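This report concerns only the one structure given below.
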Amino acid sequence: MPTFETDSVVATRREGDVLVMTIDNPPVNALGVAVRRGLKQAIEQAGADAQVKAVLIVGAGRAFIAGADIREFGKPPQPPSLPEVCNLIEACAKPVVAAIHGPALGGGLEVAMSAHYRLALPAAKLGLPEVTLGLLPGAGGTQRAPRLMGARAAAELMLSGKPMSARAAQAAGLVDRLAEGEDAVQAGLAYARELLDQQAPVRRARELDVADKAAALAELDVVQADTAKKSRGLFSPLKIVECVRNAVELPFDDGLARERALFLQCVESPQRAGLVHAFFAERETAKVPESKAARPRALDTVAVVGGGTMGAGIAVCVLDAGLPVTMIERDAESIARGRANVEKVYDGLIARGRMTPEAKAAVMARYAGSTSYDDIAGADLVIEAVFEDVGVKQAVFKELDRVCKPGAVLATNTSYLDIDAIAAATSRPQDVVGLHFFSPANIMKLLEIVVPAKVSADVVATAFELARKLKKTPVRAGVCDGFIGNRILAVYRQAADDIMEDGATPYEVDEAVRDFGFAMGPYQVVDLAGGDIGWATRKRRAATRDPRARYVEISDRLCERGWFGQKTRRGYYLYPEGARTGQPDPEVLAIVQAERAKKGIAPRKFTQDEIVRRCMAAMINEGANVVHEGIALRPLDVDVVLLSGYGFPRHHGGPMKYADRVGLDKVLADIREFAKQDALFWKPSPLIEKLVAQGNNFDSLNKGA
Ligand code: 3H9
């Protein structure tokens, strides 16, 4: 008779002479303390029960095990530790089989590697993504993976953080057997019985040696040099390489002890805190009041108005989600251009061998172009992506109001215009929402979902449902000039411009920001995006700009010369033919100097630290204003916008998380100090003042949400 023990997150059940251990800890079977206790008990039970001849470990639900419980990091550790549990599994005197039918990630794969045999079903994903959380595999993964798959492959698995398919894992030596279907228990039992019939021995990874140590060490030298170059101030990647080296050179237990010490250093690092914050924040932003209050409307057919770069990029992401798209343009020529813009993306994939011409044809079969709005009368969702002018957009929305079926969701991709005014051009403002994509729209993860005053909850819920289908990271934003991201960007740019005019070169500003962790400094970004874009915005804002506000004209001087950046081969940097990166331009420095002279500014020196402190204080202060005014729901929403749309260094967790780490009191002191020079720009956000007075931080507002 099978025996059952099901009152814990690890259920045990005897099937003949195999003890089946099922981890059942929804949603992803993370290895929290209860699971670790359950696994320990179960493996002890297996050892003690004479009737048990083999053990099978499986996961309930969609995952095998998604790793350690990330929520436990930074809290007091509770025994048993995961390394202890893994060692117990490996030490078991009876063969242990792990049958993997879904994600086996981080500690999940470490559990599987502690088993003696591994079987994978087609949906299995095996990976060690700890590096994405600022960690390294800390339950023996750095010691067992090199012994099973070789040092270099193991290092690459850990450094990339990317999972492998079942087939790839088998080819790499991580998996012993593949099976078809979805039933891990059935396939695992069959495998366990086969092993018992063959009297297969227990087979412990710890007892293996890394093959050809000299060659492995030489390969690790290359990996180490490459990692040092790429990891740009990140803490854990080089520690991973060190652990893998230990796996080659040291006895297993010594390597394990060293792994533990380095893992704990990673856990303590602020980078881990920033990256874990980013992980949860990115999942939290989809939890908005409207999605809780209302169900999304139907979302089966989509239309895009405008076939420029943005419209085409949006069309591509909708097509990639498997939905049909009709694109509306003015005339036959524009339709052809729109279609060409869409096809260009797929042709690029074909050229890189990432798509077949047949697959492109299948996608394009879902695409149609038209000059007639009547052709989109039945669309569930229309996304407008025409020229950024409120009059032009209102005219489009009048047309949409005329033709679209009742209940269709009407979205605008404006990046700063007043969506309430656009909605007012229709007789159905309750159906109008903002969907602010970022360019290139088929690549960038961020989608600001902008919620105008009169929109109904189910339309907002539909927008979030669209983001899910498109695999975007959605963030809810209120209506204001620039929404969350561009509004903060503008203030950051202003702070940078002031620093430049007061004495730093644009190259020094860029370098300081890069050293902080951004891939590019603000002036490199201007050159990449095109200086003319910001110039147009500045001209638009000129009439409403506070006449008392400081205005740095250096960018205008460059634009007046037609120096728009990379596309004109000249901007803040020079881009001579064939040059891969921009080169400093003495003429730009002369323009900067002339502007200073015009205003009577005696240039002063800025340290990297001051440049970063000023840029960050500006971002944080505006981020706080955005939360204070209800434009962003929580500080974490601001963080996610900057992380997924503006290249904010992920290991800092976003500007608000970074502010908490630095200390809000220190940020406020900086702002007050800078205000002595320019009180209008450096006006402390009332939210920061309030939080500092309460002794609170931004995170307290995330928790209350
Ligand atoms: C580690 O293992 C360290 C060890 O080496 C050493 C230890 C000593 N913990 O992503 P989803 C939650 S480090 C806690 O939306 P999907 C997630 O927050 C860990 N919670 O689903 C969400 O919660 P909610 C290494 C977790 O189907 C819900 O589960 N492992 C964890 O799109 C659903 O998640 C990783 O880095 C966790 N480990 O994707 C893997 N994982 O519903 C991280 C998820 O409240 N996880 N949650 O918002 C993933 O990559 C994806 O979640 C996964 C599923 C692919 C598994």
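The values are calculated or read from the model by the stated rules, or taken from the named source; none is laboratory data. Please read these numbers as outputs of a predicted model, since none were measured by experiment. Neighbour counts run over all protein chains shown; Cβ positions are idealised from the backbone, glycine included.
Restricting region 1-29 to residues that are of a type in the set (A, V, I, L, M, F, W, C) and at pLDDT below 95, the residue that is farthest from Gln45 (Cα to Cα) is Met1.
What about Glu689, is it out of contact with any Gly (no Cβ under 6 Å at 6 or more places or on another chain), surrounded by 14 or more Cβ atoms within 10 Å (Cβ to Cβ), under 29 Å from Arg548 (Cα atoms) and of a type in the set (Asp, Glu)? Walk me through how you get there before you give the answer.
Details: out of contact with any Gly (no Cβ under 6 Å at 6 or more places or on another chain): yes; surrounded by 14 or more Cβ atoms within 10 Å (Cβ to Cβ): yes; under 29 Å from Arg548 (Cα atoms): yes; of a type in the set (Asp, Glu): yes.
It is true that Glu689 is out of contact with any Gly (no Cβ under 6 Å at 6 or more places or on another chain), surrounded by 14 or more Cβ atoms within 10 Å (Cβ to Cβ), under 29 Å from Arg548 (Cα atoms) and of a type in the set (Asp, Glu).
The listed residues are Leu256, Leu234, Leu238, Leu262, and the only one of them that is aliphatic (A, V, I, L, M) and more than 20 Å from Ser160 (Cα to Cα) turns out to be Leu256. Of the conditions (1) more than 16 Å from the ligand (Cβ to nearest atom); (2) polar (S, T, N, Q); (3) within 37 Å of the chain's Cα centre (by Cα), Gln51 clears all except one; give me its number. All conditions are met except number (3).
Looking at Ala218, Ala257, Ala205, which is the one that is buried (at least 18 other Cβ atoms within 10 Å of the Cβ), at pLDDT 95 or above and either within 15 Å of the ligand (Cβ to nearest atom) or not acidic (Asp, Glu) (or both)?
Working: Ala218 fails: buried (at least 18 other Cβ atoms within 10 Å of the Cβ); Ala257 fails: buried (at least 18 other Cβ atoms within 10 Å of the Cβ).
So the residue among Ala218, Ala257, Ala205 that is buried (at least 18 other Cβ atoms within 10 Å of the Cβ), at pLDDT 95 or above and either within 15 Å of the ligand (Cβ to nearest atom) or not acidic (Asp, Glu) (or both) is Ala205.
Quick check: anything in region 499-515 over 27 Å from the mean Cα position of the chain (by Cα), assigned to a helix (DSSP H, G or I), of a type in the set (A, V, I, L, M, F, W, C) and surrounded by 17 or more Cβ atoms within 10 Å (Cβ to Cβ)? Lay out the reasoning, then the answer.
From region 499-515, those over 27 Å from the mean Cα position of the chain (by Cα) are 499-508; that's our starting set.
Among the residues that remain, those that are also assigned to a helix (DSSP H, G or I) are: 499-502, 506-508.
Right, trim to of a type in the set (A, V, I, L, M, F, W, C) and you get 499-500.
The next check asks that each one be surrounded by 17 or more Cβ atoms within 10 Å (Cβ to Cβ); those that pass are 499-500.
Yes.
Being within 13 Å of the ligand (Cβ to nearest atom), modelled with pLDDT of 95 or more and under 26 Å from Gln265 (Cα atoms) is true of Gly32.
Checked against (1) under 15 Å from Ala115 (Cα atoms); (2) within 16 Å of the ligand (Cβ to nearest atom); (3) without any contact (Cβ under 8 Å) to a residue 40 or more places away in the chain, Leu88 passes all but a single condition, namely (3).
Residues that are among the basic types (Lys, Arg) and more than 26 Å from His277 (Cβ to Cβ): list the helices (runs of 4 or more DSSP H) wholly contained in region 125-181 that include at least 2 such residues.
Values: elements: 141-149, 151-160, 166-172.
Correct list: 141-149.
From the list Ala93, Ala120, Ala139, Ala169, which one is near the ligand (Cβ under 10 Å from one of its atoms), in contact with a helix residue (DSSP H, G or I) (Cβ under 9 Å, 6 or more places away or on another chain) and in contact (Cβ under 8 Å) with a residue 40 or more places away in the chain?
Details: Ala93 fails: near the ligand (Cβ under 10 Å from one of its atoms); Ala120 fails: near the ligand (Cβ under 10 Å from one of its atoms); Ala169 fails: near the ligand (Cβ under 10 Å from one of its atoms).
Only one candidate passes the filter, namely Ala139.
Yes or no: region 299-315 includes at least one residue that is under 14 Å from Arg468 (Cα atoms) and more than 22 Å from the chain's Cα centre (by Cα). Within region 299-315, one or more residues are under 14 Å from Arg468 (Cα atoms) and more than 22 Å from the chain's Cα centre (by Cα). Of all residues in region 260-288, those being acidic (Asp, Glu) and away from the ligand (no atom under 13 Å from the Cβ) number 1. State whether one or more residues within region 582-603 are more than 16 Å from Asp510 (Cα to Cα) and either buried (at least 24 other Cβ atoms within 10 Å of the Cβ) or modelled with pLDDT under 95 (or both). No, region 582-603 contains no residue that is more than 16 Å from Asp510 (Cα to Cα) and either buried (at least 24 other Cβ atoms within 10 Å of the Cβ) or modelled with pLDDT under 95 (or both). Is it true that some residue in region 139-159 is farther than 15 Å from Ala247 by Cβ, surrounded by 24 or more Cβ atoms within 10 Å (Cβ to Cβ) and assigned by TED's automatic domain parsing to the domain that holds Ala247? Checked region 139-159: no residue is farther than 15 Å from Ala247 by Cβ, surrounded by 24 or more Cβ atoms within 10 Å (Cβ to Cβ) and assigned by TED's automatic domain parsing to the domain that holds Ala247.
Looking at this structure, is Val640 touching a strand residue (DSSP E or B) at 6+ places or on another chain (Cβ under 8 Å) and either under 25 Å from Arg232 (Cβ atoms) or basic (Lys, Arg) (or both)? Write out each step before concluding.
On the way: touching a strand residue (DSSP E or B) at 6+ places or on another chain (Cβ under 8 Å): yes; either under 25 Å from Arg232 (Cβ atoms) or basic (Lys, Arg) (or both): yes.
Against the criterion (touching a strand residue (DSSP E or B) at 6+ places or on another chain (Cβ under 8 Å) and either under 25 Å from Arg232 (Cβ atoms) or basic (Lys, Arg) (or both)), Val640 qualifies.
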